[in-house]
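Peer 1: One structure coming up, written as structure tokens, with questions to follow.
The values are calculated or read from the model by the stated rules, or taken from the named source; none is laboratory data. Computed from a predicted structure; not experimentally measured. Glycine gets a Cβ as well: all are built from the backbone with ideal geometry, and neighbour counts include every protein chain shown. Ligands, DNA and RNA are stripped out before the accessible areas are found, and what is left, the full protein with its side chains, is counted by its heavy atoms. Shrake-Rupley method; radii C 1.70, N 1.55, O 1.52, S 1.80 Å.
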Amino acid sequence: MLIRLTYTSTFRPHITDADIDGITEKAAAFNRRHSITGILAVEGERVCQILEGPREAVEQLFESIQRDQRHYGVVELDISTIEKPAFEDWGMVRRPMVDIVTLAFSL
């Protein structure tokens, strides 16, 4: 069973753009190995991320995300079953917040 999970959080003030690029790069490699796809949107310190993939893999990743001390205030916005990922070709990509809002209305 495939799921899509969407959450928001806030990066701690010491997190830089270079840190975020490193997180995205590492996440892309991890996600490819676990059949997870998604998108990460950052605006200032605010984060919104959509994760898609096998239920167990996505839920385990989200548990890890919730424990990650680089951000706080993790709030799950939505979790739903899906037939097919919307981000099939993306292990993880970083986009502006407006892109994720636009995508959310088209999913």
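Peer 1: Show me the ranking of peptides 37-47, 12-22 by mean Cβ neighbours inside 10 Å, starting with the highest.
Peer 2: Details: 37-47: 18.4, 12-22: 10.8.
Those peptides, ordered most packed to least, come out 37-47, 12-22.
Peer 1: So what's Rg/Rh here for the chain, counting alpha carbon atoms and using the Kirkwood radius for Rh?
Peer 2: For the chain, the value is 0.93.
Peer 1: Okay, moving on. Roughly speaking, to the nearest percent, how much of the chain's 1.4 Å accessible area is carbon and sulfur?
Peer 2: Carbon plus sulfur share of accessible area: 51 percent.
Peer 1: Moving on to the next point. Using only the alpha-carbon atoms, how far is helix 55-67 inclined from the longest principal axis of the chain? Give it as 0 to 90 degrees, nearest 10.
Peer 2: Value to nearest ten degrees: 10.
Peer 1: Determine Rg/Rh for the range 1-47; Rg is computed over alpha-carbon atoms and Rh is the Kirkwood hydrodynamic estimate from the same atoms. Walk me through the numbers before you get to the answer.
Peer 2: Numbers: Rg = 12.0 Å, Rh = 12.0 Å.
That ratio is 1.00, to two decimals.
Peer 1: Given the rule -39500 (n - 2.57) for each run of at least 4 DSSP H residues, summed and divided by the residues of the chain, what is its mean residue ellipticity at 222 nm, to the nearest 500 deg cm²/dmol?
Peer 2: -12000 deg cm²/dmol
Peer 1: Moving on to the next point. Expressed as an acute angle from 0 to 90° and rounded to the nearest 10, what is the orientation of the C-alpha long axis of helix 17-33 relative to the principal long axis of the chain?
Peer 2: 20
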